[in-house]
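Nothing in this text is a laboratory measurement; each read-out follows from the coordinates by a stated rule. Worth saying up front: this structure is predicted, and the values here are computed from it rather than measured. Note that each Cβ is placed from the backbone with ideal geometry, even for glycine, and that neighbours are counted across all protein chains shown.
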Amino acid sequence: MKPDEEDHLLSAFNSYRQTLGVPPLTKHDKAGCLADEIAENIENRPCPPAGTIISAAPGLQPQLDNYPDLVKKCGIDINTTQDGVILPVCVPKRVATLVLTNYTQSQYARYLNNSRYNGIGIGKEDDWTVVVLASNTPAGSFASTAVCLCSVFSYHVLAVLMVLGMFLVVLN
């Protein structure tokens, strides 16, 4: 796929979802980073036999020994990937129509049909295309570690300020 082929694939996915009455997917930077990293990681693997579904199970723990490193490299809190899905497809020479068919006419279609998934990242290397779907749940949002720490920190600061406020009211 050429650089804009990802946009064409996203557009095709959204057209497919529109026919089903499912809201469109939007580009998700962190999911895109992870898709790129996974595609790069598996680029030298041979394509499995035609029609083979590589990994259709929910959850983002594919059989990659270095998965935690890939997630960290993209600045993602691993706890925010549990409801996401990785969908790798191998098509020799990445023929666009065949790549699309591998997603929409296989077990992967159930994920594309699901309105729970609202974000997408697409990575490609050699014959491989990797789609990472982010969900609309906290456990599938692909939030960064910094964002998660900030929300925890903010909660603690708010709690301390509330206690101090109550203390000041009691003193008056």
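Structure notes:
- Each peptide in 124-132, 41-49 receives the mean, over its residues, of other Cβ atoms within 10 Å, and ordering these scores from highest gives 124-132, 41-49.
- Placing dummy labels 7 Å off each Cα toward the beta-carbon, the span from Lys93 to Thr137 is 4.1 nm.
- If you look at the Cα atoms of segment 68-146, you get an Rg and a Dmax of 13.4, 39 Å.
- Simple spin-label estimate for Glu43 and Asn114 in nanometres, 7 Å along Cα-Cβ: 3.0 nm
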